[in-house]
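Below: one structure, written as structure tokens.
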Amino acid sequence: MTIAQNISADSATRTVRIGVIGTGMIGTDHTRRIQQVLTGAEVVGLYDYALENAQKLQSSHAPKATIFDTGEALIASDDIDAVLVCSTGATHEQYVLAAIAAGKPVFCEKPLATTAAAARGIVDAETKGGARLVQVGFMRRFDQGYNMLKQTMEQELGEPLMIHACHRNPAVPEHYVTPMAIHDTFIHEIDTFRWLLNDDFVSAQVVFPRGSKYTHSKLADPQIVLLETSKGVRIDCEIFVNCRYGYDIQCQIVGEEGVANLPEPLAIVTRKEATLGQPILTDWKDRFKAAFDAELQDFVDQVPSGTVGGPSAWDGYVAAISSDACVEAQETGKIVEISLPDRPALYA
Ligand code: ISE
């Protein structure tokens, strides 16, 4: 049964019934936004491997939701129209494949899968079904500032030549190690640069400046990733996850006709005690709050049509290939080539 059949004829006005798999930080945040901020959807099912987490979320934000024994049971339920996969990365593949097999739209937090081979399996399953059912949680595509930057680049900068960017987090937990700077953090830039430039990467290199005293032996911090695209655009991006002072995302595009910068988030500027001051956010959930709202609203709005838009399984797969190349570049110190297979027509 396809989702179009699944959601009956009166679907235009019917609330989309969502099941959330994984009720940790992001699953809780998404449930809150569905219940309190977005329109047209309701969380009616929850699953978490730790039952008490699901119960906690049920009592705080989704009192009418059923708690399922397994993610698979949630996906199979006739009471669920669409699925949100917010569990740990290693479990994404199994749930996304199950949702595709059930013909249900699925929003999957990044990463789509933890290996490129697993992401390819998802692309193949979706392609076989012939309809886009998977949206990946690369929320920056829905950020107003990035959209303004893209529009300015396309309308005013001529051909883009270079990007200078940085991704700074105030601090990271102790278990965060060097490859996570790519898989967990830089993966957002990987998708964003591809989307901004409408281009793919052909090589990656990673260089390491002097390390911060705030890091530890298993985390090289900061790092600088150097990417080259198929059209010859060169990108440098600093990743600095113990920068202390705030969550700071910068992106400057240098084009043939001029330069454009990602706008700063809206904030009051004060003049006080001989100081010009502007606060900097510290939490990525706040920095991209509106983008998270917009990406999920977009997903909800598309579910009744039986197919979704936004960042696709193909984008998730290319991000996985590109981030594997960056990790290899971290490990070898070499310039690592990135080559992609042909893009299936479904993702044209
Ligand atoms: C986190 O998972 C994110 O998605 C944030 O956007 C990123 O800044 C952070 O480094 C990641 O840990």
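The values are calculated or read from the model by the stated rules, or taken from the named source; none is laboratory data. Please read all numbers here as calculations on a predicted model, not as lab measurements. Please note: Cβ atoms are built from the backbone with ideal geometry, for glycine as well, and neighbour counts cover all protein chains shown.
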Inset, instruction - Using the structure shown, decide if residue 81 is within 23 Å of the chain's Cα centre (by Cα) and of a type in the set (Asp, Glu). - result: yes
Worksheet entry | Verdict on residue 203 being of a type in the set (S, T, N, Q), more than 15 Å from the ligand (Cβ to nearest atom) and either in contact with a strand residue (DSSP E or B) (Cβ under 6 Å, 6 or more places away or on another chain) or assigned to a helix (DSSP H, G or I) (or both) | yes
Here the residues within region 322-334 that are surrounded by fewer than 12 Cβ atoms within 10 Å (Cβ to Cβ) and within 15 Å of residue 120 (Cβ to Cβ) are none
Scanning region 155-174 residue by residue, those closer than 17 Å to residue 240 by Cα and free of Cβ contacts under 8 Å to residues at least 24 places away in the same chain turn out to be 173
Exactly one of 140, 132, 194 is modelled with pLDDT of 95 or more, within 16 Å of the ligand (Cβ to nearest atom), basic (Lys, Arg) and buried (at least 20 other Cβ atoms within 10 Å of the Cβ), and that one is 140
Checked against (1) within 27 Å of residue 157 (Cβ to Cβ); (2) assigned to a strand (DSSP E or B); (3) away from the ligand (no atom under 14 Å from the Cβ); (4) out of contact with any Lys or Arg (no Cβ under 9 Å at 6 or more places or on another chain), residue 225 satisfies every condition except (3)
Only one of 40, 45 is at pLDDT 95 or above, under 24 Å from the mean Cα position of the chain (by Cα) and on the phi < 0 side of the Ramachandran plot, namely 45
If you go through 337, 257, 238, the only one that is surrounded by fewer than 19 Cβ atoms within 10 Å (Cβ to Cβ), away from the ligand (no atom under 16 Å from the Cβ), under 20 Å from residue 204 (Cβ atoms) and of a type outside the set (Gly, Ala, Ser) is 337
Requiring at least 1 residues that are within 16 Å of the ligand (Cβ to nearest atom), the strands (runs of 3 or more DSSP E) wholly within region 6-122 are 82-85, 106-108
